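Quick notes on the structure that follows.
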Number of protein chains: 2
Amino acid sequence: MARNEMAMMAEKKKAILESTLKLIKENGFHGTPMSQVAKKAGVAAGTIYHYFDSKDTLIQELYTYTQYRLLDAIKENSREDMDYKARFFSHWISRCMFYIQNPNSLFFMEQFVNSPYVQRCSKEQDERFQKEVIQFIESGIENNYLRPMNPRLMRMMIYSSALTAAKLHLSEQLTLSQADLQQLAQMVWDGIKKD
Amino acid sequence: MARNEMAMMAEKKKAILESTLKLIKENGFHGTPMSQVAKKAGVAAGTIYHYFDSKDTLIQELYTYTQYRLLDAIKENSREDMDYKARFFSHWISRCMFYIQNPNSLFFMEQFVNSPYVQRCSKEQDERFQKEVIQFIESGIENNYLRPMNPRLMRMMIYSSALTAAKLHLSEQLTLSQADLQQLAQMVWDGIKKD
DNA sequence: ATCCGTCTATTGAATGTTCATTCGGTTTTG
DNA sequence: CAAAACCGAATGAACATTCAATAGACGGAT
């Protein structure tokens with residue numbers, strides 16, 4: 001069993017991260033004591049401190065972990081051979097679906113980015129996550145698909161609409177079908193496209 | 001000094017609310033002990049409990065308080081005699097400006113709505129705040145200004161874009177001029193208008 | 001194959017701190 | 001003078017973090 005040594009470790013660390021995610025969604029940053037995280041993850045309280053320096057660190061890492069899972073989900077559905085509009089639709093819908101399918105992640109991220117934690121977080125890391133999307137938007141502007149506009153601003157408009165749609169789907173009974181998502185993506189597209 | 005009895009009381013209560021707002025923006029829900037709130041508000045810890053049953057209640061009331069201030073700010077700029085598009089622009093820009101001018105409120109509200117507090121909050125109250133906007137949107141659809149679409153969804157799209165723009169303005173150095181706001185409102189309008 | 005020593009992973013009770021809330025008393029108001 | 005507003009030290013619970021002790025894994029020596 002030499003080879004799953006790492007896997008075992010990763011499993012336990014992952015269990016801690018996932019438990020934290022779920023508990024924070026349910027009870028918020030406050031209201032989720034380390035003791036509960038430990039219990040839910042099936043480890044002792046002390047074990048958490050083997051993997052994370054502190055509660056703050058745990059939460060910071062949880063944010064990074066969630067970001068990666070979101071990016072992976074988006075990339076999975078995108079193909080190089082699609083035209084620009086199709087790639088935009090794919091990106092927007094993937095993002096929205098990820099939020100819908102991972103409500104714990106959604107609420108955690110939202111709490112995180114609006115909390116003082118985010119200020120303690122490195123800017124560089126955030127830049128890295130943003131870069132790809134910004135470039136995609138910039139190329140859209142250059143090639144006259146999109147109206148000329150600050151790419152960061154446009155990026156935020158795209159993000160927030162996906163986020164909002166997902167929240168609405170989750171909060172109320174307003175079930176969004178695949179067709180609804182298409183319509184929404186269309187709406188956002190109409191807002192940012194050239195002409 | 002008979003007449004400002006209420007005013008005095010209100011002043012102290014208001015001081016508590018405002019202090020809480022500021023501290024939560026800076027330190028989050030956790031990280032703002034009642035003792036600090038008291039200190040910043042210039043009252044004793046016990047006094048807070050004269051006005052609010054508990055910390056939870058304080059935060060709930062703070063949310064309501066903030067909602068009212070936002071609504072007032074929006075109504076102030078809107079006139080009955082404007083045409084539909086102008087009223088939409090006014091609403092969107094007022095909302096965005098309120099967020100920009102009241103960052104404490106913005107971050108508090110965002111933290112609140114993504115926290116478990118909101119679930120303990122009465123649905124009815126939220127409905128009441130929403131009703132006016134929903135009606136405005138419904139009338140827009142009926143009169144063929146807006147594309148037919150679930151008004152709640154459309155409302156969220158409008159909200160989130162204003163919110164997002166304000167966040168961007170506050171977070172980065174990307175200063176949004178009045179012209180930028182106009183352009184953004186235009187962009188949202190293009191997304192929701194008929195045709 | 002068996003033992004040994006070392007390193008890592010894990011445990012959970014103990015520690016010390018922080019904080020929400022209480023309450024008996026004081027001041028202010030009408 | 002009675003009621004309301006206000007004070008702030010005291011209380012007790014909750015919590016993050018520590019640490020001494022245990023268990024397990026691995027490599028190398030026999």
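The values are calculated or read from the model by the stated rules, or taken from the named source; none is laboratory data. Everything numeric here is computed off the predicted structure, so don't read it as measured data. Virtual Cβ from ideal backbone geometry, glycine too; neighbours counted across all protein chains shown.
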Lone qualifier among A:SER35, A:SER19, A:SER78 - being at pLDDT 95 or above and more than 9 Å from DNA strand D (Cβ to nearest atom): A:SER19
Counting only residues in the range B:128-153 that are within 14 Å of chain A (Cβ to nearest Cβ) and more than 20 Å from B:GLN67 (Cβ to Cβ), the one surrounded by the fewest Cβ atoms within 10 Å (Cβ to Cβ) is identified as B:PRO148
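Is it fair to say A:THR47 is within 14 Å of chain B (Cβ to nearest Cβ), hydroxyl-bearing (Ser, Thr, Tyr) and within 9 Å of DNA strand D (Cβ to nearest atom)?
no
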Kindly list the number of the only condition in (1) within 16 Å of DNA strand D (Cβ to nearest atom); (2) more than 14 Å from chain B (Cβ to nearest Cβ); (3) assigned to a loop (DSSP other than H, G, I, E, B) that fails for A:ALA10. (3)
Can you confirm whether B:PRO116 is without any contact (Cβ under 8 Å) to a residue 24 or more places away in the chain and either of a type in the set (A, V, I, L, M, F, W, C) or within 14 Å of chain A (Cβ to nearest Cβ) (or both)? yes
Would you point out which residue out of A:SER115, A:SER35, A:SER94, A:SER105 is in the same structural domain as A:LEU170 (by TED's automatic domain parsing), within 16 Å of DNA strand C (Cβ to nearest atom) and out of contact with any Cys (no Cβ under 7 Å at 6 or more places or on another chain)? A:SER115
Would you confirm whether any residue within the range A:111-126 is under 20 Å from the mean Cα position of the chain (by Cα), modelled with pLDDT of 90 or more, surrounded by 19 or more Cβ atoms within 10 Å (Cβ to Cβ) and not polar (S, T, N, Q)? yes
Of (1) within 24 Å of A:GLU172 (Cβ to Cβ); (2) of a type in the set (Phe, Trp, Tyr); (3) more than 14 Å from chain A (Cβ to nearest Cβ), B:TYR99 satisfies every one except (3)
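Can you say whether A:ILE16 is surrounded by 20 or more Cβ atoms within 10 Å (Cβ to Cβ) and away from DNA strand C (no atom under 13 Å from the Cβ), as far as the supplied structure shows?
No: the conditions fail for A:ILE16.
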The residue that is nearest to the chain's Cα centre (by Cα), considering only those in the range A:166-191 that are at the interface with another protein chain (Cβ under 7 Å from one of its Cβ atoms) and either within 15 Å of A:SER94 (Cβ to Cβ) or among the hydrophobic types (A, V, I, L, M, F, W, C) (or both), is A:LEU168
Taking the range B:154-195, which residues are buried (at least 17 other Cβ atoms within 10 Å of the Cβ) and part of a loop (DSSP other than H, G, I, E, B)? B:LEU176
Does the range B:73-92 contain any residue that is among the acidic types (Asp, Glu), under 26 Å from B:ARG120 (Cβ atoms) and surrounded by fewer than 15 Cβ atoms within 10 Å (Cβ to Cβ)? no
Only one residue in B:ALA73, B:ALA86, B:ALA41 is more than 28 Å from B:ALA162 (Cβ to Cβ), more than 14 Å from every other protein chain (Cβ to nearest Cβ) and small (Gly, Ala, Ser). Which one? B:ALA41
